[in-house]
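These notes are about the structure you will find just below.
The values are calculated or read from the model by the stated rules, or taken from the named source; none is laboratory data. Because the structure is a prediction, the values reported are computed rather than measured. So basically every Cβ, Gly included, is an ideal-geometry build from the backbone, and we count neighbours across all protein chains shown.
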Amino acid sequence: MNTTLTITNARGESMTFTSEDRKCKLMDFESELDAEVQTEKAPFQQGESYVDSLLETKSMTMEFLLLNKDQMELEKLKRKASKIMNPTLGLCELKYENDGGVWVINAAPETAVSYPTGSENRVPGLQRGMVDFLAPSPFWKSTEITTESMDSFRGLFILPMTFPTQFGIQGSSVVIDNTGDVPCPVQVEFQGPSDRPEIRNNRTGEYIRIDDELGEDDVLTIDTTQGQKHVRINGRNVINWIDRGSTFWQLEPGDNEVEYLAYAGSEDAQVTISYQFRYVGI
């Protein structure tokens, strides 16, 4: 089974290692992920009660071989690897591919690339290298960000009127199957005009609603990613516009019916929802 690991740093520079490459050979790639099991204990309780399990950061170790009969070219490969996996540049994107699929994770080098000495690690035409990575978010992600478009307007006020009559409008819904291992955040974009737009996850009953109107030229963006949560109109922070009952919901594993609602709007309005599934291990 051929395995490929591509490292791309913050500058966009990349280097690819594969298990069958004759120049940059991937020898080993190991990852370790621990979970903190949280418990609580009541007075006089024998044992403890389970509360939750939280994942720690993910540690990864990469071992590779650089091969070239031309010693000058071999030194260039060493220099390239050290330059790309430079800890001072911060997070890198690691793209891992095997026969089972392709996944990505963001991780920072914990050390500069080390080149061990000794006959087992360095001989003419061959140099062994090692580097450790730490991923603050421990999840592997699907490589593609999926974007769903939703119909933004469907009128409910029809003439001639029949009673009872529903005054107001709603958009449409879409069912998203989260095939990942854990809940995943969403990024929603509304393009006006729209009055009090709302995006709801009917699986959990949670919603995010804006208690204001969007003009024809307004673009509202919502991100429910932990550490990146925001509500913005044309780039301006408007998190104070959201309804008090709103929550930054995520897609649960399995089917999620996501619905767009509004009190008024236009067929010209557009709504999209984007997501990227997350996996504990690959």
Inset, instruction - Identify all residues within the stretch 262-282 that are modelled with pLDDT under 90, of a type outside the set (A, V, I, L, M) and buried (at least 22 other Cβ atoms within 10 Å of the Cβ); write none if there are none. - result: Gly265
Inset, instruction - Count, please, the residues in the stretch 193-219 that happen to be buried (at least 21 other Cβ atoms within 10 Å of the Cβ) and touching a Ser or Thr at 6+ places or on another chain (Cβ under 8 Å). - result: 3
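If you go through the stretch 189-201 one residue at a time, do you hit one that is in a loop (DSSP other than H, G, I, E, B) and at pLDDT 95 or above? Outline the logic, then answer.
Initially, the stretch 189-201 is screened for residues in a loop (DSSP other than H, G, I, E, B), giving 192-193, 196-197.
Those still in the list that are at pLDDT 95 or above too: none.
No, that holds for no residue.
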Inset, instruction - Evaluate the stretch 239-250: report whether one residue or more is at negative phi, small (Gly, Ala, Ser) and part of a strand (DSSP E or B). - result: no
Inset, instruction - Take Phe29 and decide whether it is under 15 Å from Gly129 (Cβ atoms) and touching a Lys or Arg at 6+ places or on another chain (Cβ under 7 Å). - result: no
Inset, instruction - Would you check if Tyr279 is under 30 Å from Thr57 (Cβ atoms) and either β-branched (Val, Ile, Thr) or touching a residue at least 24 places away in the same chain (Cβ under 8 Å) (or both)? - result: yes
Inset, instruction - Could you list, in sequence order, all residues of the stretch 240-282 that are within 23 Å of Asn106 (Cβ to Cβ) and aliphatic (A, V, I, L, M)? - result: Leu251, Ile273, Val280, Ile282
Legend entry - The lone exception for Phe157 - which of (1) of a type in the set (A, V, I, L, M, F, W, C); (2) surrounded by fewer than 16 Cβ atoms within 10 Å (Cβ to Cβ); (3) at pLDDT 90 or above; (4) farther than 18 Å from Thr4 by Cβ it fails: (3)
Legend entry - Enumeration of residues in the stretch 204-214 that are touching a strand residue (DSSP E or B) at 6+ places or on another chain (Cβ under 9 Å) and either more than 19 Å from Ser149 (Cα to Cα) or among the hydroxyl-bearing types (Ser, Thr, Tyr) (or both): Thr204, Glu206, Tyr207, Ile210, Asp211, Asp212, Glu213
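From the list Arg232, Arg200, Arg244, Arg236, which one is in the same structural domain as Val174 (by the TED database) and either in contact with a helix residue (DSSP H, G or I) (Cβ under 7 Å, 6 or more places away or on another chain) or in contact (Cβ under 8 Å) with a residue 40 or more places away in the chain (or both)?
Every option except Arg200 fails the conditions.
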Legend entry - Residues that are over 30 Å from Tyr263 (Cα atoms) and in a loop (DSSP other than H, G, I, E, B), drawn from the stretch 133-153: Pro136, Ser137, Pro138, Phe139, Thr143, Glu144
Legend entry - Residues being over 19 Å from Phe277 (Cβ atoms) and either β-branched (Val, Ile, Thr) or in contact with a helix residue (DSSP H, G or I) (Cβ under 9 Å, 6 or more places away or on another chain) (or both) - total across the stretch 97-131: 15
Legend entry - Enumeration of residues in the stretch 118-132 that are in a strand (DSSP E or B), more than 26 Å from the chain's Cα centre (by Cα) and either closer than 21 Å to Gly281 by Cβ or not hydrophobic (A, V, I, L, M, F, W, C) (or both): Arg122, Gln127, Arg128, Gly129
Legend entry - Single residue of Leu74, Leu89, Leu67 found to be in contact with a strand residue (DSSP E or B) (Cβ under 9 Å, 6 or more places away or on another chain), at pLDDT below 95, assigned by the TED database to the domain that holds Glu30 and surrounded by fewer than 17 Cβ atoms within 10 Å (Cβ to Cβ): Leu67
Legend entry - strands (runs of 3 or more DSSP E) within the stretch 32-117 that include 3 or more residues within 16 Å of Thr6 (Cα to Cα), touching a residue at least 12 places away in the same chain (Cβ under 8 Å) and in contact with a Ser or Thr (Cβ under 8 Å, 6 or more places away or on another chain): 92-98, 101-109
